[in-house]
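Inspection log for the structure reproduced underneath, given as structure tokens.
The values are calculated or read from the model by the stated rules, or taken from the named source; none is laboratory data. Please read these numbers as outputs of a predicted model, since none were measured by experiment. Here the Cβ positions follow ideal geometry from the backbone for every residue, glycine too, while neighbour counts run over all protein chains shown.
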Amino acid sequence: MSTPLLQARGLQKSFATGDGGLFGQGRHRHMAVDGIDLAIEPGTTLGCVGESGSGKSTLGRMLVGLIEPDEGSVTFDGQDVAKVAGKERAALRRNMQVVFQDPLLSLNPRRTIGQNIQRPLRNYGVGGSEAEDRMARLMKMCGLDPAQAARYPHEISGGQCQRVAIARALALEPRFVFLDEPVSALDVSVQAQILNLLLDLQAELGLTYFFVTHDLKLIEFMSQQVIVMLKGSVVERGTSAEIWQSPKHAYTQNLLRSVLRLGSTPDWARFAASETSSVIP
Amino acid sequence: MTQSTTLTLRPARFGMLSAITSDKGAFFGLIVLGIFVFAAIFAPLIAPFGPNEADPMLRLGAPGTAGHWLGLDHQGRDILSRLIWGSRLTLATGIIPVAVGALIALPIGLLAAWYDRAGGWILRGMDVLFAFPMALLAIMVAAFLGSGVGNMMISLVIVLLPYNVRVVYQAAVEQKSLPYVEALRVVGTPVRTILFVELLPNVASAAIVYATTIVGSMVITAAGLSFLGLGVQPPGAEWGIMVAEGRSVIFIAPHVAAIPGLCLSLLVIACSLLGDGVRDALDPRIRASFGA
Ligand SMILES: Nc1ncnc2c1ncn2[C@@H]1O[C@H](COP(=O)(O)OP(=O)(O)OP(=O)(O)O)[C@@H](O)[C@H]1O
Ligand SMILES: [Mg+2]
């Protein structure tokens, strides 16, 4: 067992709810994430499943530093993220990227998809023809035609938007990517294409994923390890086979039953084969 | 790809122009405004007389007087010529304060939206200005600064500021909550780039639309200030002044006040029609319905 790439200890985050009244008397704090530990091995995927509002996105946001935890720490590659500052912090941060749920809304609507992909490069001082070249390479890698770079996000399909978002996330050559329900806004037929693209990229680039979903079906397909979240806490964890075959917690059993009730037993081999990987549709 | 064919693939600019020209009201507004702007630019070439050139013999001549289509005022000045010359100051007092106000409001509104705490104080400060009726505040500021066209424009900018900042602030807050802003942060975009490069164009459209809708009321307010002696000073040609001067002869020669008054109304209507059209044209959902 290698050392984890990303480790979190005792992560906690609460949000103020209610308007608080004139003297703050009505203010409550709502625990979105309540003391979570986790570790992700390099090159693997930690799946995270739970119902809406269980704190999955909040947890992921803390992992990549989009929000600060109230308590607890995040360690990336042996370094406590909160303890580095300035340039080193920026260097750490570029290793952690995010692919968001809504592909269209996660791109700037007034910028071409090429400009959207080049933004991270320009942030780090890469411009001109070098940025163009790298953009073209990223687009090809993500199954996009570089000739489409001049289009606007609303002119391409949702699946293509998500490919653009993935290309942008990979522009800084990160080692860790937080995938926040990357396919839940997409048509079922497109979902498999995007998931396969993500798996291919992981194999090719040795990426480490934190994959969030509220869809238990996708977990086994994508991840080695799984955590099941309920109201800000982890109620069950294990390998995805363990969770799928012998769920211990009543909540997981319920989740699993609802999946089985909705559809037939998942046949991931067929699901995976039904799509020819990341080839341009 | 099915989705891409249903939407226009043409650049947004063409879509916008065709959206405006296919909207009858906006098209009318554009034409009227175009005529006024043309008159303002080419005044020396097209005005039959100078703005203060008088023929006392023909004082208060009615429209149709030989050589003076629109008649003459109480000093015997050609009304058409004064309208043409006056369009310069009228448009300037209507458009410049609105444009300057929007430019100043953009950074203020963006910063207020980004930094919650500072934003709260900025908006609180704007609320103080909101407490005064717009015209009253304009009169107070203009009176404080002293009369003159420049001071009048400054007072209009100040009066407009809280409105402009609100508009930008609201648009920026809306944009800020969209996932793409979070995505920009994740890829290490500095705050100044997020605000002034990425968000600015998305927020500016709201400011532009608002500006086009208030040009009309600014012209009216400016005319009001001139009327009160706080703006353009007689014998300067400006439509508001012309209405004011015509007031004294309203019963014997109503055309002296009515004609510039009509032009003012036309300008206000044209601006608000065009503003509505621009608003619709900037909304991609509405624009799509115009077809490509
Ligand atoms: N910025 C915020 N301000 C206030 N409350 C928040 C904020 N972000 C999240 N919350 C609250 O924290 C809780 C967890 O939210 P979170 O988005 O992490 O859930 P989730 O598991 O990702 O849900 P979903 O599946 O709907 O995306 C929710 O109750 C939510 O309302
Ligand atoms: Mg979420």
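Numbers below:
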| read-out | value |
| --- | --- |
| Selection count, region B:171-222, where residues are aliphatic (A, V, I, L, M), within 12 Å of chain A (Cβ to nearest Cβ) and in a helix (DSSP H, G or I) | 11 |
| Check on residue A:125, more than 10 Å from every other protein chain (Cβ to nearest Cβ), in contact with a helix residue (DSSP H, G or I) (Cβ under 7 Å, 6 or more places away or on another chain), assigned to a loop (DSSP other than H, G, I, E, B) and away from ligand 1 (no atom under 16 Å from the Cβ) | no |
| Residue within region B:269-280 that is surrounded by fewer than 18 Cβ atoms within 10 Å (Cβ to Cβ), at pLDDT 85 or above and assigned to a helix (DSSP H, G or I) present | yes |
| Boolean, residue B:227 is modelled with pLDDT under 85 and over 17 Å from residue B:25 (Cα atoms) | yes |
| Selection status of residue A:46, farther than 20 Å from residue A:175 by Cα and within 16 Å of ligand 2 (Cβ to nearest atom) | no |
| Residue B:117 vs. criteria of a type in the set (Lys, Arg) and in contact with a strand residue (DSSP E or B) (Cβ under 6 Å, 6 or more places away or on another chain) | no |
| From the options B:252, B:259, residue that is more than 19 Å from residue B:148 (Cβ to Cβ), touching a residue at least 24 places away in the same chain (Cβ under 8 Å), of a type in the set (Val, Ile, Thr) and not in a helix (DSSP H, G or I) | B:252 |
| Filter result for the condition that a residue is surrounded by 23 or more Cβ atoms within 10 Å (Cβ to Cβ), within 16 Å of ligand 1 (Cβ to nearest atom) and part of a loop (DSSP other than H, G, I, E, B), over A:183, A:228 | A:183 |
| 1 or more residues at pLDDT below 90 and under 30 Å from residue A:151 (Cβ atoms): qualifying helices (runs of 4 or more DSSP H) within region B:1-106 | B:2-6, B:12-21, B:24-41 |
| Looking only at region A:165-186, and only at residues there that are within 16 Å of ligand 2 (Cβ to nearest atom) and of a type in the set (A, V, I, L, M), the one that is nearest to residue A:108 (Cα to Cα) | A:165 |
| Residue match in region B:130-143 (condition: surrounded by fewer than 19 Cβ atoms within 10 Å (Cβ to Cβ), away from chain A (no Cβ under 14 Å) and touching a Gly at 6+ places or on another chain (Cβ under 8 Å)) | yes |
| Filter pass, residue A:127 being away from ligand 2 (no atom under 16 Å from the Cβ), more than 15 Å from the chain's Cα centre (by Cα), surrounded by fewer than 21 Cβ atoms within 10 Å (Cβ to Cβ) and of a type in the set (Gly, Ala, Ser) | yes |
| Any pair with Cβ under 7 angstrom, 6 or more apart, that starts in region A:247-258 at a residue that is over 13 Å from residue A:214 (Cβ atoms) and ends at one that is polar (S, T, N, Q) | A:247/A:253 |
| Test: residue in region A:145-162 that is closer than 20 Å to residue A:45 by Cα, more than 16 Å from ligand 1 (Cβ to nearest atom) and in a helix (DSSP H, G or I) | yes |
| Within region A:163-174, tally of residues that are facing chain B (nearest Cβ under 10 Å) and part of a helix (DSSP H, G or I) | 3 |
| Listing of strands (runs of 3 or more DSSP E) fully contained in region A:1-120 that carry 1 or more residues being within 14 Å of chain B (Cβ to nearest Cβ) and within 16 Å of ligand 1 (Cβ to nearest atom) | A:6-17, A:96-99 |
| Identity of the residue in region A:187-212, part of a strand (DSSP E or B) and touching a Ser or Thr at 6+ places or on another chain (Cβ under 7 Å), that ends up nearest to ligand 2 (Cβ to nearest atom) | A:212 |
| Region A:200-215 - residue that is surrounded by 18 or more Cβ atoms within 10 Å (Cβ to Cβ) and of a type in the set (A, V, I, L, M, F, W, C) and, of those, farthest from ligand 1 (Cβ to nearest atom) | A:201 |
| Meets criteria (outside any loop (DSSP other than H, G, I, E, B) and at pLDDT below 75) for residue A:241 | no |
| Residues of region A:213-222 that turn out to be in a loop (DSSP other than H, G, I, E, B) and either under 12 Å from the mean Cα position of the chain (by Cα) or under 14 Å from residue A:192 (Cβ atoms) (or both), as a count | 1 |
| Every residue from region B:109-145 that is touching a residue at least 24 places away in the same chain (Cβ under 8 Å) and more than 22 Å from residue B:207 (Cβ to Cβ) | B:135, B:139, B:142, B:143 |
| Boolean, residue A:150 is within 10 Å of another protein chain (Cβ to nearest Cβ) and within 24 Å of residue A:66 (Cα to Cα) | no |
| Condition broken by residue B:173, with the remaining ones in (1) in contact with a strand residue (DSSP E or B) (Cβ under 9 Å, 6 or more places away or on another chain); (2) under 21 Å from residue B:205 (Cα atoms) satisfied | (1) |
